[in-house]
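These notes concern the structure reproduced below.
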Amino acid sequence: MDYLTDYIKPELLILIPVLYLIGMGLKKSQSVADRKIPLILGACGVLLAAVYVLASTPISSWQSGMAALFTAVTQGVLCAGGSVYVHQLLKQQGKE
């Protein structure tokens, strides 16, 4: 899993299983269409990454604010993608 830390900050890797569990909850609720789950996970990933980035990054100028925003969006999307990827791997394991 070292290759994951080339793209995703190690402290944000916890978002992958968290988003996976959120996705499983949405799937079981049956109130959300399956096709919307990846979008919701993307939004949740960006929101959770933004909370972490804003809490851990001192923002002293608009450049650092923009860098924090970029980091939050990219890290959130990557974590959501990782979550959907894990789901698909597990789903494919059940097929013959």
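The values are calculated or read from the model by the stated rules, or taken from the named source; none is laboratory data. As the structure is a computational prediction, the values presented were derived from the model and not from experiment. Each accessible area value is taken on the protein alone, full model and side chains, heavy atoms only, with ligands, DNA and RNA left out. Shrake-Rupley method; radii C 1.70, N 1.55, O 1.52, S 1.80 Å.
Run down the lysines and flag those whose C-alpha is under 16 Å from the C-alpha of residue 27, throwing out any fewer than 8 positions away in its chain.
Hits, sequence-local ones excluded: 36, 91.
Counting only heavy atoms of the protein chains, get the accessible area per residue of the chain (1.4 Å probe) and round it to a whole Å² value.
That works out to 69 Å² for each residue.
Which residue, 78, 15, 39, has the most motion in a Gaussian network model of the chain that connects Cα atoms within less than 10 Å?
39
Give me the extension gain from residue 18 to residue 69: residue separation times 0.36 nm, minus the current Cα-Cα distance, reported in nm with one decimal.
Working: separation 51, 0.36 × 51 = 18.36 nm, distance 2.09 nm.
That works out to 16.3 nm of additional length.
Which order do 24, 66 take by accessible area at a 1.4 Å probe, largest first?
In descending accessible area the options line up as 66, 24.
Mean Kyte-Doolittle hydropathy of 1.0 or higher plus an axial Cα length of 27 Å or more: which whole DSSP H helices in the chain meet both?
37-56
So between residue 60 and residue 33, what do we pick up on full extension, going 0.36 nm a residue minus the alpha carbon distance? Intermediate results must be reported in sequence, preceding the final value.
Numbers: separation 27, 0.36 × 27 = 9.72 nm, distance 4.13 nm.
Between residue 60 and residue 33, full extension yields 5.6 nm more.
For the range 1-70, with equal point scatterers placed on the C-alpha atoms only and solvent neglected, what are the log10 I(q)/I(0) values from the Debye formula at q = 0.15, 0.16, 0.28 1/Å, to two decimals?
Rounded to two decimals, the profile gives -0.61, -0.67, -1.20.
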